[in-house]
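*Asks:* Below are the structure tokens for one structure; questions will follow.
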Amino acid sequence: MNKRILAGFALLGALALTATGCAGTAEPGADGDGDGPIKVGFAQTGSESGWRSANTESMKTAFSAENGFDLVFNAADNDPAAQIAAVRDFINQGVDAIVIAPIVTDGWDDVLQEAKDAGIPVVLEDRTVSASDDLFASWVGLDFKKEGVTAGEWAAEQYGDTATKMVVLEGTTGSAPANDRAEGFDEAIAGTQIEKIDSQTGEFTRDGGKKVMEGFLGKYGVDGIDLVYAHNDDMALGAIEAIEAAGAKPGEDIKIISIDAVKDGMLALIDGKINYIVECNPLLGELAAGIVKDVLDDKTVEKTYFVTDQSFTPEQAAEVIDSRLY
Ligand code: GYE
């Protein structure tokens, strides 16, 4: 099968070396015309979360001038049409390669075909698309379904034997992580006493999570909700604010499970306001840059590169917090 699993955070650097053969050094001429930096258009989703900030920083650092790149950065404010327009603009500019973190999975066929027709390779990072994989060179990211399964298995183990009313704060509708994290979690809690009583999108933002949680609390009351499953830390942090404003204790009266393991999430976990976090590693820049260089150098690349995640209880979070990079 044409995929590779990148095991463990510590291996990232080593694997970047594997992927590039020569990570971190400028390779003038890798763009094929032998003169100057590799011009890369990067279509980022927006700036919805702490994860996204860390991902953007990682990408900008890896696609730097000193690494031989001329980066054209676009953040689409989570508007799929604006993101597709940005990619079209990169094609018109005649960039050497395009990197996309696709906001939603659908709607990519035409513009990816246009890039292919223009001879511009596309590398996807973070989220996946539903378009045929002939239309892009490679993808690097995380196994979102597995993240959902890991979160769900922990929930099943902790709460599955007692009647537990759960609400879900979903990520952006139509995005790969929202789809897959829901599916994985649901599979893992099937047959347990955890009952999903409601599920709504909070758009992966803190504000969105807070507003949706306020709505749930208004509808079911503090006593009618036992567990929150948030598709990312930012929404969990928003939910914490809503729960506290309703006079209840997050992590005790209402348990919370989330995904990402960004700094603020980990601190809330250590504080006991979140009960469990599954990591989603945003530091994909070096790997993405290595893949882009390999593609432009006509080296063989895998179609998919999975980076593996960890997960944390409060005690485990306290042990690692000082060494976390995001
Ligand atoms: O979990 C969330 C962000 O696509 C994996 O997007 C990413 C998700 C991440 O906004 O915080």
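*Asks:* Look through the range 117-134, keep the residues that are away from the ligand (no atom under 16 Å from the Cβ) and closer than 15 Å to VAL292 by Cα, and return whichever of them is nearest to the chain's Cα centre (by Cα).
*Replies:* Among those residues, the one meeting the criterion is VAL122.
*Asks:* Can you go through GLU302, GLU286 and tell me which one is in a loop (DSSP other than H, G, I, E, B) and either β-branched (Val, Ile, Thr) or assigned by TED's automatic domain parsing to the domain that holds TRP51 (or both)?
*Replies:* Answer to the selection: GLU302.
*Asks:* Further, regarding this structure: Looking at this structure, is ASP207 surrounded by fewer than 22 Cβ atoms within 10 Å (Cβ to Cβ) and within 16 Å of the ligand (Cβ to nearest atom)?
*Replies:* For ASP207, the condition - surrounded by fewer than 22 Cβ atoms within 10 Å (Cβ to Cβ) and within 16 Å of the ligand (Cβ to nearest atom) - is met.
*Asks:* I'm checking my understanding of the structure. Among residues of the range 114-145 that are of a type in the set (D, E, K, R) and open to solvent by 10 Å² or more (accessible area, probe 1.4 Å), which one is farthest from TYR276 (Cα to Cα)? Explain how you work it out, then say what you get.
*Replies:* Taking the range 114-145 first, the residues of a type in the set (D, E, K, R) are 114, 116-117, 125-127, 133-134, 143, 145.
Filter once more, so that each one left must be open to solvent by 10 Å² or more (accessible area, probe 1.4 Å): 114, 116-117, 133-134, 143, 145.
On the way: GLU114: 43, LYS116: 42, ASP117: 46, ASP133: 34, ASP134: 38, ASP143: 18, LYS145: 17 Å.
It comes out as ASP117.
*Asks:* Taking ILE189, is it β-branched (Val, Ile, Thr) and surrounded by fewer than 18 Cβ atoms within 10 Å (Cβ to Cβ)?
*Replies:* No, not satisfied.
*Asks:* Follow-up. From (1) over 18 Å from GLU48 (Cβ atoms); (2) over 20 Å from the mean Cα position of the chain (by Cα); (3) open to solvent by less than 40 Å² (accessible area, probe 1.4 Å), pick out the condition that doesn't hold for MET213.
*Replies:* MET213 satisfies all of (1) over 18 Å from GLU48 (Cβ atoms); (2) over 20 Å from the mean Cα position of the chain (by Cα); (3) open to solvent by less than 40 Å² (accessible area, probe 1.4 Å) except (1).
*Asks:* Which members of the range 241-256 meet the condition of being crowded, with 24+ Cβ neighbours inside 10 Å and in contact with a helix residue (DSSP H, G or I) (Cβ under 6 Å, 6 or more places away or on another chain)?
*Replies:* Hits for the range 241-256 are PRO250, ILE254, ILE256.
*Asks:* If you take just the strands (runs of 3 or more DSSP E) that sit entirely in the range 28-137, which of them hold at least 3 residues that are at pLDDT below 95?
*Replies:* On the way: elements: 38-44, 69-75, 97-100, 122-125.
Here the list is empty.
*Asks:* Still on this structure, please answer the following. Take ASP226 and decide whether it is surrounded by fewer than 23 Cβ atoms within 10 Å (Cβ to Cβ), touching a residue at least 40 places away in the same chain (Cβ under 8 Å) and closer than 17 Å to ASN55 by Cα. Before the answer, list the steps.
*Replies:* Values: surrounded by fewer than 23 Cβ atoms within 10 Å (Cβ to Cβ): yes; touching a residue at least 40 places away in the same chain (Cβ under 8 Å): yes; closer than 17 Å to ASN55 by Cα: no.
Here the answer is no, as ASP226 does not meet what is asked.
*Asks:* Moving on. Anything in the range 81-106 that is under 21 Å from the mean Cα position of the chain (by Cα) and open to solvent by 50 Å² or more (accessible area, probe 1.4 Å)? List them, or say none.
*Replies:* Within the range 81-106, ALA81, ASP106 meet the criteria.
*Asks:* Just name the residue that is most open to solvent (accessible area, probe 1.4 Å) out of those in the range 146-174 that are polar (S, T, N, Q), assigned to a loop (DSSP other than H, G, I, E, B) and within 24 Å of LYS211 (Cα to Cα).
*Replies:* So the residue we want is THR173.
The values are calculated or read from the model by the stated rules, or taken from the named source; none is laboratory data. Remember, it's a predicted structure, so these values are computed and weren't measured experimentally. Cβ sites come from the backbone with ideal geometry, for glycine too, and all protein chains shown count toward neighbours. Ligands, DNA and RNA are excluded from the accessible area calculation, which covers all protein heavy atoms including side chains. Shrake-Rupley method; radii C 1.70, N 1.55, O 1.52, S 1.80 Å.
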